[in-house]
Amino acid sequence: MVDFCEKCGTLIMGKAGEDIKCSSCGHTAKATTSMSLSQKVDKKKELEVLGDESETEVYPLADAQCERCGHDKAYFWSKQMIAGDEPETQFYKCEKCSHQWRDYM
Ligand SMILES: [Zn+2]
Ligand SMILES: [Zn+2]
């Protein structure tokens, strides 16, 4: 806070809610802020937790030809097989007929 010494008029600064001692005349000014001690308690800032992006069912489209209907666009995603030492498997799902197939990378 910023205040003026009531004795000599010198500009004095200090923390809100605390007494301020004038550097010029030594007069101690009572904090004049309207804040009471109970109000002074810092409000804990709630950290805004941005919700995790929920997993969407929308996969990117790839140029892949469906063997069932011949459509040339399919959604794709990859998945590591449980064993871990197996190659990553690419899955496709036909945009048109929802036919699914896999492809080993
Ligand atoms: Zn003063
Ligand atoms: Zn298809």
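The values are calculated or read from the model by the stated rules, or taken from the named source; none is laboratory data. What you see is a predicted model; the values in this text were computed from it and never measured. Cβ atoms come from the backbone with ideal geometry, glycine included; neighbour counts cover every protein chain shown.
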Looking at this structure, is Gly9 away from ligand 1 (no atom under 16 Å from the Cβ) and at pLDDT 80 or above?
no
Which residue pairs have Cβ atoms under 7 Å apart, sit 6 or more places apart or on different chains, and have a first residue in the stretch 52-78 that is within 20 Å of Glu88 (Cα to Cα) and at pLDDT below 90 and a second that is in a loop (DSSP other than H, G, I, E, B) and of a type outside the set (Lys, Arg)?
Ser78/Glu88
